[in-house]
Every structure is written in structure tokens, then in C-alpha cells.
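Written out below as C-alpha cells is the structure these notes cover.
Values quoted throughout were computed directly from the atomic coordinates according to the rules given, and no laboratory measurement underlies them. Please read all numbers here as calculations on a predicted model, not as lab measurements. Ideal geometry is used to build each Cβ from the backbone, glycine not excepted, and the neighbour counts take in all protein chains shown.
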Amino acid sequence: MTDRFIEVGKIVAPQGLKGEVRIYPNTDFPERFLEPGKRWLLRPGNKEPQSIKLLRGRYLDGKGLYVVKLEGVNTITDAEGLRDSKLMVLAGDRPTLEDGEFHIPDLIGLEVFDQTTQKLIGTVISLIPAGNHLLEVQRPDPKANTVLIPFVMEIVPIVDLHRRRLEITPPVGLIDDLPIALVESDVEKATENL
């Protein structure tokens, strides 16, 4: 697949009988599913996405999903044929971000260091949506479990996209093999905002 595109969601199921599909979002920009216009669809097994027009969309309350109507998809059979396809936009169509905001694909692959010791913690392999997003970090030892790090300013004070690194100040116990160097008052300060 070319790097000219960014995945914004994945089709997980048909919705009703008239060709609508349910999409699990992979973006913080809901307009990707609500505003009509050109999108791209990458079907499983294909290497290049195909152009498709989004006609309309709506948020499905309580499910965390969007329901969209795509041009040319008119039956439940058509919709079922799109299961596991990825909905994409051009990389150049990225919205402008405020200071302290980041595009998810830019965070994947960043190395993570302990700010105090400069010890390598691992590499970001995904971002998990939660109340506060969680960085999933693969440890340098491939046998080690991944670590989930809350992506909040108190724990991740430095994001340096140019140097491809993050620096973290983890609270005690977040990462088992880091030395306990914080005194009780520092622990309270670090965790009171979580």
C-alpha cells in the first residue's frame, strides 16, 4: 500500500438492508464519516485503494461506530462484500492540529525513553483509544510483554517527531524494571492528575 493514504476507519459490518455499513473509526476527526465527498476504499488483499464517494454518515450512539452510505453500495450483499475493508483519505488532507496534538500515524515507530535515565523503554507500535489514549510500546526484548503508557502530558512530556522519540516520566509501577527513584511526594504529584 502506498504512503499517500491514511486509514481513518475499518468496515466491520453491514447496517440494515440498503447497503449502509458500520465503520470502526481510527481517527479523532468525525467529519471523515459525516461529510459527503471522495474517500478511498482498500479491500482485503488489494494493494491500492479505489476511489469511492461517501454520500452520508451518522454516529451510532452507544456503539462507538459510524454508519455510512457509500455510492454504488445498495444492498446488504454489497455491504457484506466490503467487510474488513479500510476507509482512507489522502495523506495531504490531514487537518491542521493545535499545539500538543498529533496524528496517530506520526507516533507509530517512535522510540520511548525514560526522561530521567535516558534508558530505552521500547518503540510505539499502536495507540489504543480509551478515556486517555494509551501508547502500546514494544519492549526491546521481543519476549517481553508490551507496555501500555497513558498518553497524557504528565507522563509523556516530550514528543519529538523530528528526532523520532518520546520521553516519559512514568509513575512507580507502570514499568516494572525501571528503578524506583521517586520519593512519596513525587509519586503523589505524578499520579494525582491521572
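Can you tell me which of K38, K18, K47 moves the most in a GNM of the chain? Springs connect C-alpha atoms under 10 Å apart.
For the chain, modelled as a Gaussian network with Cα springs under 10 Å, the answer is K47.
Taking a quarter of the surface of the convex hull around the Cα atoms of the stretch 1-77, what do you get in nm²? Write out the running numbers ahead of the final one.
Values: hull surface 20.7 nm².
Taking a quarter of the hull surface, the average projection is 5.2 nm².
Please report, in cubic angstrom per residue, the volume enclosed by the convex hull of the alpha-carbon atoms of the stretch 101-177.
95 Å³
Which value, in debye to the nearest 20, gives the size of the charge dipole of the stretch 104-178 about its Cα centre, when Lys and Arg are +1 and Asp and Glu are -1 at the Cβ?
Dipole of the stretch 104-178, to the nearest 20 debye: 160 debye.
For the modelled label position 7 Å from the Cα of D84 along Cα-to-Cβ, which residues of the stretch 8-35 have backbone nitrogen atoms closer than 15 Å?
Backbone N within reach: 10-14.
Can you find, among T117, A130, P30, the residue sitting farthest towards the positive end of the charge dipole of the chain, where Lys and Arg contribute +1 and Asp and Glu -1 at Cβ?
The Cα lying farthest towards the positive end belongs to P30.
Just to be sure I follow: if Rg is taken over the C-alpha atoms of the chain and Rh is the Kirkwood radius over the same atoms, what is Rg/Rh?
When Rh is taken as the Kirkwood radius, the ratio is 1.06.
Helix-derived [θ] at 222 nm for the chain: sum -39500 (n - 2.57) over DSSP H runs of at least 4, divide by residue count, nearest 500? Don't jump to the answer; show the numbers that get you there.
Working: 4 runs with 21 residues, N = 194.
About -2000 deg cm²/dmol.
With r defined as the distance between the Cβ atoms of T77 and E48 and R0 fixed at 25 Å, what FRET efficiency is calculated, to the nearest 0.05?
Plugging the Cβ-Cβ distance into 1/(1 + (r/R0)^6) gives 0.55.
Per-residue HN-Hα couplings for the stretch 119-125, Karplus 6.51 cos²θ - 1.76 cosθ + 1.60 at θ = phi - 60°, whole Hz, x for Gly and Pro?
Rounded to whole hertz, the list is 6, 5, 8, x, 10, 5, 10.
If I take every Cα pair under 8 Å that is 6 or more residues apart in the chain, average their sequence separation and divide by the length, what percent do I get for the relative contact order?
Over the chain, the number comes to 16 percent.
Of L65, V8, S51, which is farthest along the charge dipole of the stretch 1-113 in the positive direction, counting Lys and Arg as +1 and Asp and Glu as -1 at C-beta?
The Cα lying farthest towards the positive end belongs to S51.
Going down the list K18/K63; K18/K69; K10/K143; K10/K63; K38/K86, which pairs span over 18 Å between their C-alpha atoms?
K18/K63; K10/K143
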